[in-house]
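Since the structure comes first, as structure tokens, the remarks are kept for the end.
The values are calculated or read from the model by the stated rules, or taken from the named source; none is laboratory data. Please read all numbers here as calculations on a predicted model, not as lab measurements. Methodologically, a virtual Cβ is constructed for each residue, glycine included, from the backbone with ideal geometry; neighbour enumeration extends over all protein chains shown. Accessible surface areas use protein heavy atoms only, side chains included; no ligands, DNA or RNA. Shrake-Rupley method; radii C 1.70, N 1.55, O 1.52, S 1.80 Å.
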Amino acid sequence: HSHEEKMKRRIASRVAVEEDNMTPRNSVTVRVPATSANFGPGYDCIGMAVDLWSEVTIERSSTFQITAEGEGADAMPTDESNLLVTGVKAAFDAAKKPVPILKYHVVSRIPYARGLGSSSAAIVAGIIAGLVLAGHRLPCWGSEA
């Protein structure tokens, strides 16, 4: 019976965390890894995460702005063509909410245009950050909830 009580407490704490995660946020910081899918004969079939991480902070703001530092910062688009913005828009579309005015700051440690997934990292960071900012949780196949 002790086991049943432990399970009830675990389920109750999980519900509390999930409800908290569905609250829209004012800002979020996301870290995303570099990747590689360019391994010799396994090109685009064999991949791995690489221990290089970019960090993105996105916050609600009165003016749109993208600032960047680190790898490729000078070549990074600072308008709505930036892939971070694309990811954020996709997340807010999934949540069926309008995209608010946001300020983006990127600390890029993934070399740009070097086959290490800087583009996919930007899109994924935007999606994750957008979902958190919107307070939206996507349904997952195989989810316990």
*Within the set of pairs 6+ apart or on separate chains, which have a first residue in region 117-136 that is on the phi < 0 side of the Ramachandran plot, a second that is open to solvent by 20 Å² or more (accessible area, probe 1.4 Å) and assigned to a helix (DSSP H, G or I), and C-beta atoms under 6 Å apart?*
119/83; 122/83; 123/83; 127/90
_Pull out all pairs, ordered by first then second residue, where Cβ-Cβ is under 6 Å, the residues are six or more apart or on different chains, the first lies in region 71-92 and is at positive phi, and the second is open to solvent by 50 Å² or more (accessible area, probe 1.4 Å)._
72/112
*Return yes or no: is residue 114 among the basic types (Lys, Arg) and without any contact (Cβ under 8 Å) to a residue 24 or more places away in the chain?*
yes
*Take the residues in region 48-63 that are under 16 Å from residue 133 (Cα atoms) and exposed (fewer than 15 other Cβ atoms within 10 Å of the Cβ), then tell me which one is nearest to the chain's Cα centre (by Cα).*
60
